[in-house]
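Worksheet: the structure to be examined is printed underneath.
The values are calculated or read from the model by the stated rules, or taken from the named source; none is laboratory data. Here the structure is a predicted model, which means the values were calculated and not measured. Reconstructed Cβ throughout: ideal geometry from the backbone, glycine too, with neighbour counts over all protein chains shown. Each accessible area value is taken on the protein alone, full model and side chains, heavy atoms only, with ligands, DNA and RNA left out. Shrake-Rupley method; radii C 1.70, N 1.55, O 1.52, S 1.80 Å.
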Amino acid sequence: MKKEILLPRAMKTYEQYKVEDFLTDSWFLAWVKHDQPEARQFWNEWQQKYPEQRDTLLLAKDMAEALKNRPHNLSPDQERLEVDRIVKLTRHVSAQSRWMLFKRPLSRQSWLAAALLLIIAGAGWWLIFERQSSIQTATEKPVSVIEKTTQGQWVNQVNGTSQAVSLVLPDGSQLTLMAHSQASYPRSFDTEKREVYLKGDAVFSVVHEGKRPFLVYTGTLVTRVLGTRFRVQARPGETHMMVSVISGRVSVMKRNDWLASRKTPNNTVSGVVLTANQQVTYDASQNSYQKELVPKPAIIPSTSVSSETFNFDDTPAATVFERLKKAYGVEIIYDASALRNCTLTASMAGVSMYDQLQLLCASIGASYEVVDTRIIISSKGCS
C-alpha cells in the first residue's frame, strides 16, 4: 500500500478537499476515529473559518463513522478500498438518472444514504431501483372476460387474458381479477353476508358494511373481512394457498371450521388473523398455516402517515423505528435504553422497508431479524 506523505497542516489546502480527500487524511481521521482533542479543536475552528465547506466535511465525517460502526471490522487496507469504491459507486448512481433514488442534486443526507446503502451491500454493483407495485394497474374490462349467469342468479367472471381486470361487485367493492383467474358471486348480496368464490389470484378492496361480513371462498379456506384491502392466491390443483393484507384486518380459516362456528357461536375456531403487511400460506396437504410478513411491506394507505417523508437529520434511532412502525404497521422490538445515544442522518424516501432497516442498523452498528411478523433489533448501543 502506498504510504501517505504527512504534510504540515498549514501546508494542506483543506478548503479544496473533496469527500474522498477527507476520508484518507490522517489528521481528519484523528478527529473522527480517535477523537484526539487537538484534532477536534482544529476541525471545529476550521468549520467556522470555511463555512461553505462545512457540508462536505460533515458528509465525510458521517461516512467515516458509518464505516467505523459496521458490524464487521475492516483492516486499514480494506477500509481504503471500501472508501474508493463507495465514492466511485455513489457517482455512478448519481449519473444513472433512470434509477435515481434521490430526484434532486445530491445533498449531504442523500449522498450519505446512497453511500451507506452501498456499504451495506458490500460495495458491490447493487443499485436501488424505484419500488414498483406488485399489482399491475387494472385495465378496463376486455371483451375476453366472460360473464355467465348461473342458476340462482350467480355471476361467473372468467379472465382469460394476460392482464389484470377491474370489476365492481354488487355492494360497490372493487375486485381486481388477475390473469387466468375466475370469480363467482351473486348479482345481489343477501342481507346477512357477502360471498365470493375465487379460483386463481385476485385483489379485493372491500366496502365496510358494519356487521355484514365479506367472505371469499378459495378451495378449503375462507377469508372473512369487514372492510379492507387484501389479496388471495389459490391456483386450482395447488395445495398451497396464500392470503396477504394490504390494509385492514382479515381472518383466515378452513371452510369447515367456519361453517361449524356459525352453528356453535362460542366454539373456538382454529385459523389466523392478519393485519397490514402480513400474509399466511396454508398447506392443505399438511393442514398447516405459516404466518409471516409480506416480502415487500408497503406504507399503509392512511391519512396519519401520508405525510411521512423518511427524511432524518440527527434523529434519535428510537424515533426512526417508531416512524417505521407507524408507517408500515409492523411491530418492531428494540431496547430504547441501548439506543439512547444513537442517531441517524439520511434521506430514505422511496427505499423499501427492509433496505431502510439495513441502512439504519448499519449506521448505528446494530442488526435485525424477522421472527414471524415481528422485527427484532439487536444493538450494543452507540458511544
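Shape call for the stretch 178-278 from the C-alpha gyration tensor, a ≥ b ≥ c root eigenvalues: rounded (a/c under 1.5), prolate (a/b greater than b/c) or oblate?
Judged from the Cα gyration tensor, the stretch 178-278 comes out rounded (a/c under 1.5).
In whole percent, how big is the carbon plus sulfur part of the accessible area of the stretch 196-318, probe 1.4 Å, protein atoms only?
50
For a paramagnetic label modelled at 7 Å from the Cα of Ser383 toward its Cβ, which residues of the stretch 319-342 fall within the zone defined by backbone nitrogen distances under 19 Å?
So the set is 338-342.
Which three extents, in whole angstrom, do the alpha-carbon atoms of the stretch 279-383 cover along their principal axes, largest first?
Taking max minus min along each principal axis of the Cα atoms, the stretch 279-383 gives 52, 33, 18 Å.
Ignoring ligands, DNA and RNA, please state the percent of accessible area on the stretch 11-57 from carbon and sulfur, probe 1.4 Å.
About 44 percent, which is the carbon plus sulfur part of the accessible surface.
Measuring from label point to label point, each 7 Å out along Cα→Cβ, what is the Ser337 to Tyr354 span in nm?
Calculated label separation equals 3.3 nm.
Within 10 Å, count the other beta carbons around each residue, average over each peptide in 275-286, 49-60, and list them highest first.
Result, highest mean Cβ count within 10 Å first: 275-286, 49-60.
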